[in-house]
1. So, with +1 on the Cβ of K and R and -1 on the Cβ of D and E, and no other charges, what is the size of the charge dipole of region 36-91 about its Cα centre, to the nearest 20 debye?
2. At 7 Å along the Cα-to-beta-carbon direction for both Ile79 and Trp4, put a label point, then send me their distance in nm to one decimal.
3. Quote the FRET efficiency, to the nearest 0.05, computed for Glu54 versus Asp22 with a Förster distance R0 of 25 Å and r equal to the Cβ-Cβ distance.
4. Which of rounded, prolate, oblate describes the chain, given a ≥ b ≥ c as roots of the alpha-carbon gyration tensor eigenvalues and a/c under 1.5 marking rounded, otherwise prolate only if a/b is larger than b/c?
5. Taking the alpha-carbon distance from Lys72 and a cut-off under 15 Å, which aspartates and glutamates remain once sequence neighbours fewer than 8 residues away in the same chain are dropped?
6. By counting other Cβ atoms within 10 Å of each Cβ, how are Ser58, Ser11 ranked from fewest to most?
7. In what sequence do Met1, Met6 fall when counting other Cβ within 10 Å, fewest first?
8. Suppose each label sits 7 Å from its Cα in the direction of the beta carbon; what would the Lys72-Leu88 distance come out to in nanometres?
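FYI, it's all coordinate maths here, none of it is from the lab. A quick note: this is a predicted structure, and the numbers were derived from the prediction, not measured. Cβ sites come from the backbone with ideal geometry, for glycine too, and all protein chains shown count toward neighbours.
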Amino acid sequence: MCLWEMLNNRSLNLRAVGFLDDDPSKHGAVVHDYPILGSIVDLERLIREKNVQELVLSTELIQDSKLQQVRKICDVSGIPVKRLRIRLEEV
């Protein structure tokens, strides 16, 4: 859902390069033409290799310790961390 929003909402000005997942069995898989590039331990290298300008989290189910690790890597790399939330709300 997050990827769909990134691809279809041009006002976000985002371009996906791939996904991270801590489950090694998913590494190398492809989701809607975008590869699962690795895990958080690969983040620093991927930021450099893929010329990442910002990191978009698509999950709210990230442990605080992992989120802090991501923030630290992104801070050192000079890129912002954002979370794209899509919610279904009663009206």
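1. I would put it at about 140 debye.
2. 2.5 nm
3. So the FRET efficiency works out to roughly 0.75.
4. Note, shape of the chain comes out rounded.
5. Reachable aspartates and glutamates: Asp42, Glu44, Glu54, Asp64.
6. Ser11, Ser58
7. By the 10 Å Cβ count, ascending, the order reads Met1, Met6.
8. For the pair Lys72/Leu88, the computed spacing is 3.8 nm.
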